[in-house]
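Chemist: One structure is given below, represented as structure tokens, and several questions about it will come after.
FYI, it's all coordinate maths here, none of it is from the lab. Source: prediction; values computed, not measured. Cβ coordinates were reconstructed from backbone atoms using ideal geometry, including for glycine residues, and neighbour counts include every protein chain displayed.
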């Protein structure tokens, strides 16, 4: 495997390991063993496990962002229908896979925001980018007359993300879709109206 | 120190350590060192670090529950005013202390719900008890005509808890009260109306 191939392979394997087990519960050894590369290889590519964690988070968000962009700018649907499709797809993804891994963004916020400045800054950028994607679609729904003009799009977008992350945490404990379906039901009956 | 005194002391010290640093990032050694007791003492009182974690969570909730009961059943205020006072007090507590520790219930949901059946079951009971406290006050606010009778109290209570936990996560990343104040503002202007 070429050096860049190894780096990429470590990141994609590490994403699965850190998402399933958590950052502190996974050792570098667990990551290299899962990737089937010698342990020393890790430090050829990454300065520290913390830097690795920050890059894994970037990769996770890259994937999530491209899904969000695809759904939230799908002009075959009205803006409000796009918002509904977006959250419904997130519930569906979780209902199809294991509930117990949660969202890496929420997991890292809980586990790493305290001690890692690097990961905390990266989380801040992820939340800002995510808020901006949702906010734009909320603004479009307002322009289309689908939801009240009195809502402040950035504020509502940030609230939806926080409430969604909380619902994902609860779904992780309950191991079913109840909290996610409740989120969708309340958001679309009481907030985005 | 008497054996029961040591057990209690380990739990109260351990609560501070696990809340500040996380479960997996704290070793038994960190807990006994902070408590200034020999490491072996830990296993005299607890079968495992996991069992210790479950008891620490119970102690954390006990304290939170007694605050919640005091505020949510304070008949000097109307039910809706009690709900406002309750969430305002939670924002105030966080604004006074460090934002970076988050809520132990949310932290453990993110970090331990995957691997520990014991802690996951305890988290389920905590969420159920918390939902029930809020739900009762929401029902009282409906009976007093302060909020719409069309809201389903248990559903709204569970949603509020999830959204609050998500806001606490975000506040941990941003290290300020923005997400908590946003939560209060949206909940009391769009949901509990």
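Chemist: Taking R0 as 51 Å, what's the FRET efficiency between residue B:92 and residue A:6 from their Cβ-Cβ distance, rounded to 0.05?
Modeler: On the way: r = 50 Å, r/R0 = 0.98.
With a Förster radius of 51 Å, E is 0.55.
Chemist: Taking the alpha carbon gyration tensor of segment B:4-110, what are the square roots of 5 times its eigenvalues, largest first, to the nearest whole Å?
Modeler: Details: eigenvalues 198, 43, 24 Å².
Semi-axes from the Cα gyration tensor: 31, 15, 11 Å.
Chemist: Using the beta-carbon distance between residue A:20 and residue B:143 and R0 = 41 Å, what value does 1/(1 + (r/R0)^6) give for FRET efficiency, to the nearest 0.05? If you can, show how the numbers build up before the last one.
Modeler: On the way: r = 46 Å, r/R0 = 1.12.
Once rounded, the FRET efficiency stands at 0.35.
Chemist: A further question on this structure: Treat each spin label as a single point 7 Å out from the Cα along the C-beta direction, and report the residue A:128 to residue A:59 distance in nm.
Modeler: The two pseudo-label positions are separated by 2.4 nm.
Chemist: Once a ≥ b ≥ c are taken as the square roots of the eigenvalues of the Cα gyration tensor of the protein assembly as shown, is the result rounded (a/c under 1.5), prolate (a/b larger than b/c) or oblate (a/b not larger than b/c)?
Modeler: Oblate, because a/c is 1.5 or more while a/b does not exceed b/c.
Chemist: Still on this structure, I have one more. Between copies, how close do the residue A:185 label points come, placed 7 Å along Cα→Cβ, listed in nm from shortest?
Modeler: Residue A:185 label point versus its equivalents elsewhere: 2.9 nm.
Chemist: Classify segment B:5-48 from the C-alpha gyration tensor, please: rounded if a/c falls under 1.5, else prolate or oblate depending on whether a/b exceeds b/c.
Modeler: Verdict is prolate for segment B:5-48.
Chemist: Next question. Can you list the copy-to-copy distances for residue A:6, using a point 7 angstrom from Cα toward Cβ, in nanometres, shortest first?
Modeler: So the label point of residue A:6 gives 4.9 nm to the other copies.
Chemist: Okay, moving on. Only helical DSSP H runs with n ≥ 4 go in: add -39500 (n - 2.57) per run for chain B, normalise by residue count and round the 222 nm mean residue ellipticity to 500 deg cm²/dmol.
Modeler: Details: 9 runs with 143 residues, N = 193.
Helix contribution divided over all residues of chain B: -24500 deg cm²/dmol.
Chemist: Among A:56, A:119, A:28, which one shows the biggest mean-square fluctuation in a GNM of chain A, springs joining Cα atoms closer than 10 Å?
Modeler: A:28
Chemist: Separate question: Put a label point 7 Å from Cα along the Cβ direction on residue B:125, then list its distances to the equivalent points in the other copies in nm, shortest first.
Modeler: 4.4
Chemist: Something else now. Provide B:63, A:9 in ascending order of the number of other Cβ atoms located within 10 Å of each residue's Cβ, fewest first.
Modeler: Numbers: B:63 10, A:9 16.
Placing the least packed residue first, the sequence is B:63, A:9.
Chemist: Something else: How high is the relative contact order of chain A, in percent, with contacts defined as C-alpha pairs under 8 Å that are six or more residues apart?
Modeler: Value for chain A: 22 percent.
Chemist: Now for a separate question. Taking the Cβ-Cβ separation of residue A:181 and residue B:100 as r and a Förster radius of 35 Å, what is the calculated FRET efficiency to the nearest 0.05? Please report the intermediate quantities before stating the final value.
Modeler: Working: r = 32 Å, r/R0 = 0.91.
Computed FRET efficiency for residue A:181 and residue B:100 comes out at 0.65.
Chemist: Using only the Cα atoms of segment A:59-191, what are the Rg and Dmax in Å?
Modeler: Over segment A:59-191's Cα set, Rg and Dmax evaluate to 14.7, 44 Å.
Chemist: Of A:93, B:154, how do they rank once you tally other Cβ atoms within 10 Å and put the fewest first?
Modeler: A:93, B:154
Chemist: Right, something else. Between B:42, B:108, B:164, where does the largest GNM mean-square fluctuation fall for chain B, given springs only between Cα atoms within less than 10 Å?
Modeler: For chain B, modelled as a Gaussian network with Cα springs under 10 Å, the answer is B:42.
Chemist: According to a simple spin-label model (label point 7 Å from Cα along Cα-to-Cβ), what is the distance in nm between residue A:30 and residue A:150?
Modeler: A separation of 4.9 nm, rounded to one decimal place.
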